[in-house]
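As structure tokens, the structure follows; a few thoughts come after it.
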Amino acid sequence: MAQTSLPKTHKALILTARGQPLEVKDSPTPQPAPGNAIIRIISALVVNYSGEVYSGKRYYPFPTPLVPGYSAVGRVAAVGADSTLLKQDQLVMIESTIRSRDNSDDVFLLGVISGFSDGSRKLMDGEWRNGTWAEYAKVPLENCYPLNEDRLLNELKYSVEVLNQLGQLFVPYGGLSDINVKPGETVIVTPATGPFGSAGVRVAVAMGARVIAMGRNEAALDTLRSSLPKGRVITIPLTEDAEQIGKELAKHAPIDAYFDISPPVAQGTHYLKTCIMSLRRGGRVSLMGGFMEDVALPHHKIMHSSIELKGTWMSTREQNLRLIRMVEQGILSLGAEQGWSLKGKFALEDWEQAFACARDNAGPGEFVVMSP
Ligand SMILES: NC(=O)c1ccc[n+]([C@@H]2O[C@H](COP(=O)([O-])OP(=O)(O)OC[C@H]3O[C@@H](n4cnc5c(N)ncnc54)[C@H](OP(=O)(O)O)[C@@H]3O)[C@@H](O)[C@H]2O)c1
């Protein structure tokens with residue numbers, strides 16, 4: 001493929017040291033080589049807790065200096081000689097989970113966390129150091145997903161920014177797909193009101209399930225329920241009254257599966273146990289939450305009812321391809337009628353406003369992007 005000539009330098013948002021202000025700097029433009037693609041970034045997702053991650057308040061291991069930024073939408077600017085799929089200028093989605101090519105145990109997230117093995121740290125320290133908050137990003141070929149531009153932009157009338165929601169949807173699809181959620185099943189999602197949690201509700205509905213969405217914020221639960229087809233989402237407010245919640249859940253038995261994507265601050269909550277206790281014999285549990293410490297689980301119930309527990313970090317390439325097809329086919333909508341709402345689009349220089357906007361707009365369907 002003919003390569004666009006890349007500029008010698010490009011603008012990148014750089015974190016010099018954890019907790020320091022980020023700075024936009026002219027940096028050498030990454031170059032194509034076997035195994036990689038150079039993507040011209042159009043817009044990149046800003047997760048609501050980005051400010052906590054890059055200030056160090058929420059401690060994620062990563063090397064500095066670093067160009068942060070994870071999933072993004074862009075166009076192919078150049079590819080290594082071993083690429084056989086990607087085309088010049090093609091619209092692509094970048095998904096941020098990078099796996100070592102010769103050891104699948106070594107996994108990390110581009111621009112955000114270096115993972116938990118020597119191999120994953122080696123990859124983020126070196127070859128795959130920098131993320132997507134820049135004009136150009138170098139990513140593994142397998143992390144680029146061609147998008148059907150005509151279908152998504154012309155027929156379904158999505159803006160390019162809206163496609164960033166894929167980055168939020170891939171995550172719960174990983175867990176829901178790992179526990180094999182099927183049409184007609186009933187699935188609990190906790191908490192259902194945050195960005196990844198509410199994305200989990202939408203994905204489970206698109207997979208054909210009826211969802212019991214639980215969360216502390218009743219207004220957010222109402223917003224979520226009313227944005228999805230009638231009867232597909234039941235809401236139960238999360239209170240400290242485990243017994244009462246158990247009774248509410250029992251009204252919707254049999255419950256087939258439970259998907260949890262709790263934030264670290266929910267450590268010690270009763271609802272993990274309460275929800276597992278509500279499952280039918282052979283029920284499945286997907287654990288995707290960010291708990292930093294051990295959690296207590298109802299062993300007696302798990303053993304006697306043959307409950308399956310499955311942990312999932314992010315999603316696989318095969319799952320991401322399927323999720324994109326669900327969106328392209330219109331099974332999973334990214335439209336405003338389903339409650340999706342772009343709350344802000346910021347230049348790299350305005351990263352502080354972007355972090356604040358994402359933090360303050362983390363309800364169901366809300367999202368924020370940075371655009372170099
Ligand atoms: N396994 C993976 O691959 C993966 C990937 C991405 C993220 N995660 C994890 O998923 C977590 C959730 O993400 P998110 O997008 O939902 O955003 P988040 O900002 O981390 O969490 C917000 C959600 O948590 C709820 N919440 C906050 N404090 C709570 C508490 N003490 N008890 C119960 N619920 C509480 C909020 O509900 P209220 O409305 O009640 O405040 C809201 O639903 C992240 O923090 C991260 O650790 C995991």
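The values are calculated or read from the model by the stated rules, or taken from the named source; none is laboratory data. This structure is a prediction, so every number in the text was calculated from the model and none was measured. So basically every Cβ, Gly included, is an ideal-geometry build from the backbone, and we count neighbours across all protein chains shown.
Scanning region 191-224 for residues that are of a type in the set (Lys, Arg) and surrounded by 20 or more Cβ atoms within 10 Å (Cβ to Cβ) turns up just one, Arg202.
Take the residues in region 226-248 that are free of Cβ contacts under 8 Å to residues at least 40 places away in the same chain, of a type outside the set (Asp, Glu) and within 14 Å of the ligand (Cβ to nearest atom); name whichever of them is nearest to Pro298 (Cα to Cα). Here the residue is Ala242. Can you find a residue in region 52-68 that is in contact with a Pro (Cβ under 7 Å, 6 or more places away or on another chain), surrounded by fewer than 23 Cβ atoms within 10 Å (Cβ to Cβ) and aliphatic (A, V, I, L, M)? Taking every residue of region 52-68 in turn, none turns out to be in contact with a Pro (Cβ under 7 Å, 6 or more places away or on another chain), surrounded by fewer than 23 Cβ atoms within 10 Å (Cβ to Cβ) and aliphatic (A, V, I, L, M). I'd like to check something: does region 228-235 contain any residue that is surrounded by 14 or more Cβ atoms within 10 Å (Cβ to Cβ) and in contact with a Cys (Cβ under 9 Å, 6 or more places away or on another chain)? Among the residues of region 228-235, not one is surrounded by 14 or more Cβ atoms within 10 Å (Cβ to Cβ) and in contact with a Cys (Cβ under 9 Å, 6 or more places away or on another chain), which makes the answer no.
If you go through region 249-275 and keep only what is free of Cβ contacts under 8 Å to residues at least 40 places away in the same chain, away from the ligand (no atom under 16 Å from the Cβ) and within 28 Å of Gly365 (Cβ to Cβ), you end up with just Lys251. Taking the criterion of being under 20 Å from the mean Cα position of the chain (by Cα) and farther than 23 Å from Val368 by Cα, the only residue of region 326-355 that qualifies is Ile331. Out of curiosity, is Leu156 under 28 Å from Lys25 (Cα atoms), in contact (Cβ under 8 Å) with a residue 24 or more places away in the chain and not charged (D, E, K, R)? The answer is no for Leu156. Scanning region 145-162 for residues that are within 12 Å of the ligand (Cβ to nearest atom) and either within 19 Å of the chain's Cα centre (by Cα) or within 30 Å of Asp241 (Cα to Cα) (or both) turns up nothing. Pick from Tyr70, Tyr49: which is in contact with a Lys or Arg (Cβ under 7 Å, 6 or more places away or on another chain), within 15 Å of the ligand (Cβ to nearest atom) and within 22 Å of Trp340 (Cα to Cα)? That would be Tyr49, the only listed residue that is in contact with a Lys or Arg (Cβ under 7 Å, 6 or more places away or on another chain), within 15 Å of the ligand (Cβ to nearest atom) and within 22 Å of Trp340 (Cα to Cα). For region 286-319, the candidate set comprises residues that are of a type in the set (A, V, I, L, M, F, W, C) and either under 21 Å from Tyr59 (Cβ atoms) or within 13 Å of the ligand (Cβ to nearest atom) (or both); within that set, the residue that is surrounded by the fewest Cβ atoms within 10 Å (Cβ to Cβ) is Met292.
Answer yes or no: is there a residue in region 189-203 that is within 16 Å of the ligand (Cβ to nearest atom) and assigned by TED's automatic domain parsing to the domain that holds Leu13. No, the conditions are met nowhere in region 189-203.
In a loop (DSSP other than H, G, I, E, B) and closer than 30 Å to Arg101 by Cα: is that true of Gly268 in this structure? For Gly268, the condition - in a loop (DSSP other than H, G, I, E, B) and closer than 30 Å to Arg101 by Cα - is not met. Here is the figure for region 174-215: residues that are within 19 Å of the chain's Cα centre (by Cα) and basic (Lys, Arg) total 1.
Restricting Gln353, Gln319 to residues that are within 30 Å of Arg216 (Cβ to Cβ), touching an Asp or Glu at 6+ places or on another chain (Cβ under 9 Å) and part of a helix (DSSP H, G or I) narrows the list to Gln319. Selection of region 263-276 for residues being buried (at least 20 other Cβ atoms within 10 Å of the Cβ) and in contact with a Pro (Cβ under 6 Å, 6 or more places away or on another chain) yields only Ile276. Residues in region 204-221 that are more than 9 Å from the ligand (Cβ to nearest atom) and either of a type in the set (Lys, Arg) or touching a Gly at 6+ places or on another chain (Cβ under 6 Å) (or both): Arg210 only.
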